[in-house]
1. If a residue must be of a type outside the set (A, V, I, L, M), at pLDDT 95 or above, in a loop (DSSP other than H, G, I, E, B) and at negative phi, how many such residues does the range 1-43 contain?
2. Cβ-Cβ distance below 6 Å, separation of 6 or more or different chains: which pairs start in the range 52-77 with a residue that is without any contact (Cβ under 8 Å) to a residue 24 or more places away in the chain and end on one that is assigned to a loop (DSSP other than H, G, I, E, B)?
3. Of the conditions (1) more than 24 Å from residue 1 (Cβ to Cβ); (2) of a type in the set (A, V, I, L, M); (3) modelled with pLDDT under 95; (4) crowded, with 17+ Cβ neighbours inside 10 Å, residue 92 clears all except one; give me its number.
4. Would you mention how many residues in the range 21-50 are of a type in the set (Lys, Arg) and open to solvent by less than 20 Å² (accessible area, probe 1.4 Å)?
5. Can you go through 64, 12, 2, 79 and tell me which one is in contact with a Cys (Cβ under 6 Å, 6 or more places away or on another chain) and not charged (D, E, K, R)?
6. Give, as residue ranges, the strands (runs of 3 or more DSSP E) completely inside the range 44-116 that count at least 3 residues that are more than 10 Å from the chain's Cα centre (by Cα).
Amino acid sequence: QVQLVESGGGLVQAGGSLRLSCAASGRTFSSYTVGWFRQAPGKEREFVAAFVWSGRKAYYADSVKGRFTISRDNAKSTVYLQMNSLKPDDTAVYYCAADLGSYYNDPSYVGYWGQGTQVTVSS
């Protein structure tokens, strides 16, 4: 079992930055692929970024590529999402995820979810 707790959301103006954190507890966290998804009102949950443990590689949705950076600190059992050049379209509840499996960008295959943190970007 893995428990995930997000923090760092809030209100920011367009062009600003935020860093989300996701603290994990439980065994074997370091072996899981981890990632971030988001869900805006009236929309489906969508992939944002993932860090695949095997190969140590990061993947991003096209909409955030070049603006967001995912990282992890296994010693602290924490995953981060640095978000720069934020846009109003980035407004959503952001969810940390662990044990993404092979289809890392499909929320149907996520093993563990955090409770979510609200990010609001004003224009």
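The values are calculated or read from the model by the stated rules, or taken from the named source; none is laboratory data. Worth saying up front: this structure is predicted, and the values here are computed from it rather than measured. Here the Cβ positions follow ideal geometry from the backbone for every residue, glycine too, while neighbour counts run over all protein chains shown. Each accessible area value is taken on the protein alone, full model and side chains, heavy atoms only, with ligands, DNA and RNA left out. Shrake-Rupley method; radii C 1.70, N 1.55, O 1.52, S 1.80 Å.
1. So the answer is 4.
2. The qualifying pairs are 53/33; 67/84; 67/85.
3. Condition not satisfied by residue 92: (3).
4. Looking only at that region, the number is 1.
5. 79
6. 57-60
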